[in-house]
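Working notes, structure below.
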Amino acid sequence: MTDTRTDVYTRITNKIIADLEQGIRPWFKPWNADHAAGKITRPLRHNGIPYNGINVLMLWGASVEKGYACPLWLTFKQALELGGNVRKGESGELVVYANRITRTETDDKGAEVEREIPFMKGYTVFNAEQCENLPAHYYAKAVPPALSPIQRIEAADRFFAATRADIRHGGTRAFYAEGPDYVQMPPFEAFKDAESYAATLAHELTHWTKHDNRLARDFGRVVHGDEGYAKEELVAELGAAFLCADIGITPEVMPDHAAYIASWLAALKNDKRLIFSAAAHAQRAADYLHRLQPQQVADNEEGRVAA
């Protein structure tokens, strides 16, 4: 089990490193509007349930590299169960499943104790475009978007406002000030377009979630540019990508693109599990910000009353 987990960590980390060494962020431009399901921009399981965390990065990367417009993915067996098949000669993509099992053991005093053991396994999925004879909706082309570009920006503004973060404007830098707990943004007019502004704010709000009163995320950063700094920036980068996908905003490449990539490469080469950890932290940050939205709050209140 340990060897299998180590192999999965190594394989995925090496793939991310190889992309970054080519100057490619594998999580960038992660969706395609040519498919009817493209309005849901995370990769989807065969039943329409979105993937999360590291699997999002892996399948986004594969879609960009191979030009898949369809966000739907299936195992070989699932394709057969749907009456279809994977075309001969097609190669799949690695995704992972992580969970815990409980094992009863005997301690030094002869008493039985239960111990949780984490495990991870990898398995292969295929894009629907690699398959034949699937139900028609797997091949459906795009319909006109439900929201116009202006409406999407308005939706993003509502999303950010609902977090109730202290967002200030002025100056020439975007950053999160952890001590006084506010996000600083340059004036809206300083950005190339509204999507660039929204993508930058998504990045800074991901940082905002690390506060002790929120997710209490701490990588031990001591000085600007150290490994702790690189890890937190990677989390913010991935968190922003997840959020931008969810609200339909195209992420913007930052001016310090090359410097960030260099720091991430150094950190990834030192820690084969970092990309898994960063993706998990980014997912938690995105989920936290989603939970602050009015509908999520209402759903949570209904759940508490029902309980």
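Annotations for the structure displayed:
- A Förster radius of 30 Å combined with the Cβ-Cβ distance from V113 to A216 puts the calculated FRET efficiency at roughly 0.55.
- Sequence ranges 68-78, 120-130, ranked by mean other-Cβ count within 10 angstrom, highest first: 68-78, 120-130
- Contour excess over end-to-end distance, with Cα ends at S277 and A190 and 0.36 nm allotted per residue: 28.0 nm
- With a simple spin-label model that places each label point 7 Å from the Cα along the Cα-to-Cβ direction, the separation between F175 and Q295 comes to 3.7 nm.
- Fully extended contour minus Cα-Cα distance, from E154 to E132, at 0.36 nm per residue: 4.0 nm
- Cα gyration tensor category, rounded, prolate or oblate, for segment 81-237 with a/c compared to 1.5: oblate
- Out-of-range pairs (alpha-carbon distance over 28 Å; input K88/K272; K121/K269; K210/K269; K15/K192): K88/K272; K15/K192
- A straight chain from A98 to I49 at 0.36 nm per residue would run longer than the Cα-Cα distance by 16.0 nm.
Only the coordinates and a few stated rules stand behind these numbers; no lab work does. Fair warning: this is a prediction, and the values are worked out from it, not measured in the lab. Note that we place each Cβ from the backbone using ideal geometry, even for glycine, and neighbour counts take in every protein chain shown.
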